[in-house]
Amino acid sequence: MPRTAPAPISPRIAGIAESATLKVDSKAKALKAAGRPVVSYAAGEPDFDSPQHVVEAAERAARDPRNHHYTPASGLPELREAIAAKTLRDSGLEVSPAQVIVTNGGKHAVYQTVQTLVGDGDEVIIPGPYWVTYPEVVKLAGGVPVEVFAGADQEYKVTVEQLEAARTPRTKLLVFVSPSNPTGAVYTPEETTAIGEWALEHGIWVMTDEIYQNLVYDGVKAVSIVEAVPELADQTVLVNGVAKTYAMTGWRVGWMIGPAAAIKGANDLQSHLSSNVNNVAQRAAIAALTGPTEPIEAMRQAFDRRRRAIVAGLNGIPGFRTPTPQGAFYVYPDVTALLGREWGGTTPTTTLELADLLLERLEVAVVPGEAFGPSGYLRLSYALGDESLAEGVARLADFFG
C-alpha cells in the first residue's frame, strides 16, 4: 500500500543558515585530522586551557551530591550573585541577582533574549559586520533583521545617522556589540552614549552583547551602553558569559540580565526549554568570576601581542587593508583589492571563493565576509599559537606578494 510522504520540517528551521564560522572550523579540523598542515584562523575561541582553579572547582563540584540534582532554572543563587557583582564592576550597572538568568552559553542568552523581545514582523537593527547568529535568531522569532553596515573607512562602527535612517515604526530592538565579533571594533564612550540616547529617545529595546568586554587593548575600556546611559537599563538586556575571557568555551555558561518583565518572560521560556545549566559548569563559573585574575591577564596580554603581530603582518601584504582592532581577538581586513584578479590560476570574485582558494592552495582557513555581511572582507582570529599565526601570515605573504 502506498505511503504518504511525511510533511516537511518547520519552514523557520529549514530556513536557518548553518553557522559559517563553525562550518569553516569543522572543515579545517577535518583536514588537520587527515594530516594536512592547516593553519586555522577560523575558530572564535581561545587556544588556552581553562584556568587551573576553575578546573579544580569543577572537580570538587562533581563529587558533591548536591550538584547531582535539579537546581533553579534561572541558575545557582551563588552564581547569580557573582554575575551581579561582575556586572557592577565591569558594566557599571547595579542589578539584583533576581535580574540574572544563567544560560547554556552566550549563544543561548542571545537566542532567548530575542525570543523574549521580538514578535512577528518586528524589525531588529543589526549593525554590520555582525556575528553570524544574530540575523538567524531574529528570523526564528518571526522578526525581520535590518542590517546597517559600516566598512573599514568607519572602523566598522555605525553612526546614529545610519541607525536613524534604518528606523521605522516596526523597529523593536537594536543589537549593540562592543567589542565586536567579527571586527574587534570598540565604540568610544561618546559614540556609545550617542547610540544609547538615540535608543532611549525612540523607545527601542537594546540587546548589548558584552562577551568580549574584558578583552581590550591600548588602555581602552569597552564602556557598557547602560553605564553610558543609565536610564536605558529599563529597556536593555545584557548578554555575557565566561567563554572568551576565561577560556571556557566548552563549559557552556552564559547569562542574560534585564528588567523584571523581560527576565520573567525569559525565565518562563527557559523553564520549558532547558531548565538549569549543568551544575558542575556553574560551580566552575563561580570560581572563574571570583577567583584569581592573573591567568586571565596573562591570556589578554598574549592576545595583545598576537594582535599587533597579525595587523603588522597583514598590512605588509599588498591588497590587505586591516584596521587595528581594540578588542576581542579578531582582525577583519578589507580585501576587495584582491578580488577579480588571478591568483595561482584562479580568479576569485567573492571572498567566499577567496577563502576556498586559501584553504585548498595554502591550507590557511579564514572565514569569508559573506558570513558577517557584504563580500570583500575576511575574518581571522588570532586566538591561536604565535608560531601558527606567523606561519599563516607568511603563507599569505608568499602567495599574494
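Can you find a residue in segment 28-36 that is within 27 Å of E297 (Cβ to Cβ), within 26 Å of the chain's Cα centre (by Cα) and either surrounded by 15 or more Cβ atoms within 10 Å (Cβ to Cβ) or polar (S, T, N, Q) (or both)? Break it down stepwise before answering.
Quick first cut of segment 28-36, residues within 27 Å of E297 (Cβ to Cβ) only: none.
No - not one qualifying residue is present in segment 28-36.
How many of the residues in segment 292-342 are of a type in the set (A, V, I, L, M, F, W, C), over 20 Å from D386 (Cα atoms) and either at pLDDT below 95 or assigned to a helix (DSSP H, G or I) (or both)?
2
Out of curiosity, is V100 open to solvent by less than 20 Å² (accessible area, probe 1.4 Å) and in contact with a strand residue (DSSP E or B) (Cβ under 6 Å, 6 or more places away or on another chain)? Lay out the reasoning, then the answer.
Numbers: open to solvent by less than 20 Å² (accessible area, probe 1.4 Å): yes; in contact with a strand residue (DSSP E or B) (Cβ under 6 Å, 6 or more places away or on another chain): yes.
For V100, the condition - open to solvent by less than 20 Å² (accessible area, probe 1.4 Å) and in contact with a strand residue (DSSP E or B) (Cβ under 6 Å, 6 or more places away or on another chain) - is met.
Looking at this structure, is G241 more than 24 Å from A43 (Cβ to Cβ) and touching a residue at least 40 places away in the same chain (Cβ under 8 Å)?
Working: more than 24 Å from A43 (Cβ to Cβ): no; touching a residue at least 40 places away in the same chain (Cβ under 8 Å): yes.
When the stated conditions are applied, G241 does not pass them.
Under 8 Å by Cβ, and 6 or more places apart or on different chains, what pairs join a residue from segment 1-20 that is part of a helix (DSSP H, G or I) with one that is open to solvent by 100 Å² or more (accessible area, probe 1.4 Å)?
Cβ pairs passing all conditions: A14/P8.
Kindly list the number of the only condition in (1) under 16 Å from V102 (Cβ atoms); (2) in a helix (DSSP H, G or I); (3) open to solvent by 20 Å² or more (accessible area, probe 1.4 Å) that fails for N276.
For N276, the failing item is (2).
Under the condition of being charged (D, E, K, R) and more than 16 Å from L338 (Cα to Cα), which residue from segment 351-401 is least open to solvent (accessible area, probe 1.4 Å)? Before the answer, list the steps.
So in segment 351-401, the residues charged (D, E, K, R) come out as 353, 356, 360-361, 363, 370, 379, 386-387, 391, 395, 398.
Add one more test, that the residue is more than 16 Å from L338 (Cα to Cα), and what stays is 360, 363, 386-387, 391.
Details: E360: 95, E363: 37, D386: 66, E387: 160, E391: 82 Å².
That would be E363.
State which residue is surrounded by the fewest Cβ atoms within 10 Å (Cβ to Cβ) when the search covers only segment 131-171 and only residues that are assigned to a strand (DSSP E or B) and either more than 21 Å from the chain's Cα centre (by Cα) or among the acidic types (D, E) (or both).
Going through segment 131-171, the residues assigned to a strand (DSSP E or B) turn out to be 144-149, 171.
Still in the running and either more than 21 Å from the chain's Cα centre (by Cα) or among the acidic types (D, E) (or both): 147, 171.
Values: E147: 18, T171: 20.
Residue satisfying both the conditions and the ranking: E147.
State all residues of segment 347-401 that are assigned to a helix (DSSP H, G or I), of a type in the set (A, V, I, L, M, F, W, C) and closer than 19 Å to P129 by Cβ; if no residue qualifies, say none.
Pass one, segment 347-401, residues assigned to a helix (DSSP H, G or I): 351-362, 369-371, 386-400.
The next check asks that each one be of a type in the set (A, V, I, L, M, F, W, C); those that pass are 352, 354-355, 357-359, 362, 371, 389-390, 393-394, 396-397, 399-400.
Hits for segment 347-401 are L352, L354, A355, L358, A371.
Would you mention how many residues in segment 323-354 are closer than 23 Å to R308 by Cα and in contact (Cβ under 8 Å) with a residue 24 or more places away in the chain? Let's see the steps before the verdict.
Looking only at segment 323-354, we keep the residues that are closer than 23 Å to R308 by Cα, and these are 323-338.
With in contact (Cβ under 8 Å) with a residue 24 or more places away in the chain added as a condition, the list becomes 323, 325-336, 338.
Going through segment 323-354 one residue at a time, the tally reaches 14.
Within segment 273-280, is there a residue that is without any contact (Cβ under 8 Å) to a residue 12 or more places away in the chain and over 21 Å from A62 (Cα atoms)?
So the first thing to find is which residues in segment 273-280 are without any contact (Cβ under 8 Å) to a residue 12 or more places away in the chain, and the list is none.
No: segment 273-280 contains no residue that is without any contact (Cβ under 8 Å) to a residue 12 or more places away in the chain and over 21 Å from A62 (Cα atoms).
Please name all residue pairs, on different chains or six or more residues apart, with Cβ atoms under 6 Å, provided the first residue is in segment 89-111 and is farther than 27 Å from S19 by Cβ and the second residue is in a strand (DSSP E or B).
Partner pairs satisfying both residue conditions: V95/I257; Q99/I257.
Could you give me the residue pairs with C-beta distances under 6 Å whose first residue belongs to segment 183-203 and is under 28 Å from T322 (Cβ atoms), whose second residue is of a type outside the set (K, R) and open to solvent by 50 Å² or more (accessible area, probe 1.4 Å) wherever it lies, and which are 6+ apart or on separate chains?
From residues that are under 28 Å from T322 (Cβ atoms), the pairs are A185/E155; V186/Q326.
Which numbered condition in (1) open to solvent by less than 30 Å² (accessible area, probe 1.4 Å); (2) in contact with a helix residue (DSSP H, G or I) (Cβ under 6 Å, 6 or more places away or on another chain) is the only one that S19 fails?
(2)
Looking only at residues in segment 334-348 that are of a type in the set (V, I, T) and closer than 22 Å to Y156 by Cα, which one is most open to solvent (accessible area, probe 1.4 Å)? Quick ask: steps written out before the conclusion?
Keep residues of segment 334-348 that are of a type in the set (V, I, T), which gives 335-336, 346-347.
Applying the additional criterion that residues be closer than 22 Å to Y156 by Cα yields 335-336.
On the way: V335: 0, T336: 75 Å².
Applying the filter and picking the extreme gives T336.
Tell me which residues, restricted to segment 53-89, are hydroxyl-bearing (S, T, Y) and surrounded by fewer than 20 Cβ atoms within 10 Å (Cβ to Cβ). Break it down into steps so the answer makes sense when it comes.
Filtering segment 53-89 for residues hydroxyl-bearing (S, T, Y) gives 70-71, 74, 87.
The answer is Y70, T71.
The values are calculated or read from the model by the stated rules, or taken from the named source; none is laboratory data. Only a predicted model underlies this, so the values are computations on that prediction, with no experimental measurement involved. Reconstructed Cβ throughout: ideal geometry from the backbone, glycine too, with neighbour counts over all protein chains shown. Surface accessibility is based on the protein's heavy atoms, side chains included, excluding ligands, DNA and RNA. Shrake-Rupley method; radii C 1.70, N 1.55, O 1.52, S 1.80 Å.
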